[in-house]
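Okay, so here's the structure we're looking at.
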Amino acid sequence: MRARDRAYAQLREDVLDGVLAPGAVLAEVEQSLRLGMSRTPVREAFARLVADGLAEPLAGRGLVVTALSADGVAELYEVREPLERQAVRLAARRGDPAVFAALAERFGRAPDLVGAGEQGLREYYALVAEFDAAVDAAVANAHLVQALGAVRTHLVRVRRLARHDPARLVQAAGEHRLVAEAVAAGDAELAASAVRVHLHRSRTQFLHAVGAPAADPRGPAGPGARTGTRRGTRPGTRPRTPTTAQEATA
C-alpha cells in the first residue's frame, strides 16, 4: 500500500473511531510526525477526508474534523431512511431466507454480548456489519449498495454515542432481529416498517446524546421543523473509548 493510502486509511479510521474528535485541528506537520511519514502523503490524505465530508477547511488553521450537529445528522437520516427501507424490501424479495433467519436468531442472543464488555461489543458490532453485508448481497443492486456505503461512513460517528447507552444497544438488537425476521419471511413492507422504527429511535438517541430536543415529527411549526444544534456548531464532547470502524450503522 502506498504511503498516501496508508495515511488516508489511518486518518479516516481515527476520525471514525473518535481518536480525532469533531472540531480537532488537522495539521500536516503534526500528523506527518504522528504517522511517521512525509507531509506529501498526509496532504493528499487530507484532500480525501475533505471529499468524504470528514474534514473541512478552517480559515487560517488548515483543516478541522467536521462537527456532528443535530441538523447535519437529520440530513443524513433523510438520505439513510429511503435507502435502507428500499434495501430491506429488495432483500425480502431476493435474499436467502435461511441467511436472515440465522441472523435473527443471533440478534436474539445479542443482549448478552452488550453486557460482556469490550469484546462483547466488538462481537455485537461485527454481527451488525454481517447483517449489513447480507442485505447488500441480497439486493443485487450495485448503485444502491454504493449509496448505502457512503452514508454508513458517517454513521460510524453517530453510533459511537450509542456505545455509551447499553439499554439503547439492547433495544437496537431487538430492532435488528425484527428486520431480519421480516426479511426471512419475505415480508418486504414489514421489513421496511421495522427499519423506519429503528431509524427513528436511533436518531432520537443521537439528539438526546448531544442535548438537542427531538424534532416534532409533524414538521415545521407543525410538520417537519428541525430543532437542535445549528449546522456547523460543535456540541460539547467528552473523552470516549475509541471504537472500531466496523460500527457502520446506528
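The values are calculated or read from the model by the stated rules, or taken from the named source; none is laboratory data. Nothing here was measured: the structure is a model prediction, and the numbers come from that model. For neighbour counting, all protein chains shown are included, and Cβ atoms are generated from backbone atoms with ideal geometry for every residue, glycine included. The protein model used for the area step is the full one, side chains on, heavy atoms only, and it has no ligands, DNA or RNA in it. Shrake-Rupley method; radii C 1.70, N 1.55, O 1.52, S 1.80 Å.
For segment 11-40, the tally of residues that are out of contact with any Ser or Thr (no Cβ under 8 Å at 6 or more places or on another chain), assigned to a helix (DSSP H, G or I) and not charged (D, E, K, R) stands at 7.
Under the condition of being in a loop (DSSP other than H, G, I, E, B) and among the hydroxyl-bearing types (S, T, Y), which residue from segment 49-83 is farthest from V197 (Cα to Cα)?
Taking segment 49-83 and keeping what is in a loop (DSSP other than H, G, I, E, B), we get 53-54, 59-61, 66-69.
Then drop every residue that is not among the hydroxyl-bearing types (S, T, Y), which leaves 66, 69.
Working: T66: 28, S69: 22 Å.
The selected residue is T66.
Okay, residues lined up against (1) more than 11 Å from the chain's Cα centre (by Cα); (2) closer than 18 Å to A129 by Cα; (3) crowded, with 19+ Cβ neighbours inside 10 Å:
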| position | (1), (2), (3) |
| --- | --- |
| G149 | no, yes, no |
| R152 | no, yes, yes |
| R157 | no, yes, yes |
| L169 | yes, yes, yes |
| G174 | yes, yes, no |
| V183 | yes, yes, yes |
| R196 | yes, no, no |
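Residues of segment 110-130 that are open to solvent by 10 Å² or more (accessible area, probe 1.4 Å) and either of a type in the set (A, V, I, L, M, F, W, C) or touching an Asp or Glu at 6+ places or on another chain (Cβ under 9 Å) (or both): L113, V114, A116, L121, A126, A129. When L54, L35 are checked against the criterion of being open to solvent by less than 60 Å² (accessible area, probe 1.4 Å) and farther than 22 Å from V158 by Cα, L35 stands alone in meeting it.
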